[in-house]
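What follows draws every value from the coordinates through simple rules; no lab data is involved. These numbers come from a predicted model, not from an experiment. Ideal geometry is used to build each Cβ from the backbone, glycine not excepted, and the neighbour counts take in all protein chains shown.
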Amino acid sequence: MPVLGLGTWQNDDPDACANAVETALNAGYRHIDTAQAYGNEDAVGRGIENADVDREDVFLATKVWIDNLAHDDVLSSTEESLDKLGVDYVDLLYVHWPSREYDPEETFRAFDELVDDGKVERVGISNFEPEQVDEAVETADSPIFANQIELHPLLPQEELRDHCADADIEIVAYSPLARGEVFDVPELSDVAEKHDASEAQVSLAWLREKGVTAIPKATSEDHILDNWESLGVELDDEDVEKIDAIDRTDRRVDPDFAPW
């Protein structure tokens, strides 16, 4: 799984979304993230088709929404996702939230069938807390590959990261720029100035130092390229310690059906 990907949450203008995906892939990105709930799988598929990159070289992930987590609904809605994306399989399929129609036995039975049928390469979970992580690991026949969670310098999630590491589960960070809040954090600005980088690049570099894959959402070419250039930012131990010591917590995504 490429360590930096393009997120597409709230990129619901079809042309803008397709252009962002195409631009990102042509710039070097090889990881694209979407979801049924985003309403843009068809646009993401169009962007992949238009890019000068082979499908086999793209790590493509989508998520099953909480209304579609009953066994038969997982199967039918995933078929719809594949049709919209214009692909035969996805590299990673997530349970979007452990909520509403989520039943571990029934949900993961369907996910395992999709893996067996070659329509899904890897099984993922999203917004799972340690208790739900353990339940998923115990229930699914397929290995749980990744847990996608909100994660950034203002919400470091150290306990959950350690728990997933112990279970050999990758972490994927959504909203890795705290939905723009990282630009107003003095510690990040100081480190950014030191490296002649942006606060966004520093935040993404910090996540990389933690072994976390980030999927920042971006629509403009400038932001897509700025995030991509974060791969060239190398933080030292002092930088990491300074960011780790930020005394501020800010969770940006907190729906009433969340498990925390």
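Summarising the amide proton neighbourhood of residue 40: residues at separation of 5 or more, or on other chains, whose placed amide H is nearer than 5 Å comprise 35. Close amide H partners of residue 126, meaning residues 5 or more places away or on another chain with modelled amide H under 5 Å apart, are 95, 148.
Charging the Cβ of each Asp and Glu at -1 and of each Lys and Arg at +1, and nothing else, the dipole of the chain about its Cα centre rounds to 440 debye.
In sequence order, segment 45-57 has phi-based couplings of x, 5, x, 5, 5, 7, 6, 8, 9, 5, 3, 5, 8 Hz under the Karplus curve 6.51 cos²θ - 1.76 cosθ + 1.60, θ = phi - 60°, and Gly or Pro positions carry x.
By the rule of a C-alpha distance below 27 Å, with chain neighbours fewer than 8 residues away ignored, the lysines paired with residue 242 are 194, 210, 217. Here segment 56-99 is assigned +1 on the Cβ of each Lys and Arg and -1 on the Cβ of each Asp and Glu. Its dipole about the Cα centre then comes out at about 220 debye.
Pair-distance distribution P(r) for segment 62-127, from all Cα-Cα distances in 10 Å bins starting at 0: 25, 62, 13 percent.
Viscosity 1.306 mPa s, temperature 10 °C: Stokes-Einstein D of segment 116-253 from its Kirkwood Cα radius, in µm² per second? It would help to have the intermediate numbers written out before the result.
Details: Rh = 15.8 Å.
Translational diffusion coefficient: 100 µm²/s.
Here the label points at residue 184 and residue 12, each 7 Å from Cα along the C-beta direction, are separated by 2.4 nm in the simple model.
As a test of the formula, what do you get for the chain when each DSSP H run with n ≥ 4 contributes -39,500 (n - 2.57) and the sum is divided by the residue count, at 222 nm and rounded to the nearest 500 deg cm²/dmol? Working shown, then result.
Numbers: 10 runs with 107 residues, N = 260.
Value at 222 nm, helices only, nearest 500: -12500 deg cm²/dmol.
Charged side chains reduced to their Cβ positions (Lys and Arg at +1, Asp and Glu at -1) give segment 1-127 a dipole of some 480 debye around its Cα centre. A cut-off of 5 Å between modelled amide H atoms, ignoring neighbours fewer than 5 places along the same chain, links residue 215 with 5, 173. Protection proxy ranking for 113-124, 155-166, using the average of other Cβ atoms within 10 Å per residue and placing the highest first: 113-124, 155-166. Using the Cβ-Cβ distance between residue 135 and residue 193 with R0 = 35 Å, the FRET efficiency computed as 1/(1 + (r/R0)^6) comes to roughly 0.20. With contacts taken as Cα pairs under 8 Å at a separation of at least 6 residues, segment 130-260 carries a relative contact order of 26 percent. Protection proxy ranking of 215-222, 62-69, by the mean of other Cβ atoms within 10 Å over each peptide's residues and highest first, is 62-69, 215-222.
How high is the FRET efficiency from residue 248 to residue 167, r the C-beta distance, R0 22 Å, rounded to 0.05?
Working: r = 29 Å, r/R0 = 1.30.
Approximately 0.15, to the nearest 0.05.
Computed over the chain, relative contact order equals 19 percent, with contacts defined as Cα pairs under 8 Å that lie 6+ residues apart.
Phi-derived couplings, Karplus 6.51 cos²θ - 1.76 cosθ + 1.60 at θ = phi - 60°, listed residue by residue for segment 143-157: x, 7, 7, 8, 10, 8, 9, 5, 7, 6, x, 9, 8, x, 6 Hz, with x used for Gly and Pro. Rg and Dmax of segment 138-198, both derived from C-alpha coordinates alone, stand at 15.1, 48 Å. If you take the Cα centroid of segment 2-47 and the Cα centroid of segment 150-182, the two points sit 21 Å apart. Between the beta carbons of residue 50 and residue 72, assuming R0 = 45 Å, the FRET efficiency works out to 0.85 to the nearest 0.05. In order along segment 29-37, the Karplus-derived 3J(HN,Hα) couplings, from 6.51 cos²θ - 1.76 cosθ + 1.60 at θ = phi - 60°, round to 4, 9, 9, 10, 10, 9, 6, 4, 5 Hz, and Gly and Pro are given as x.
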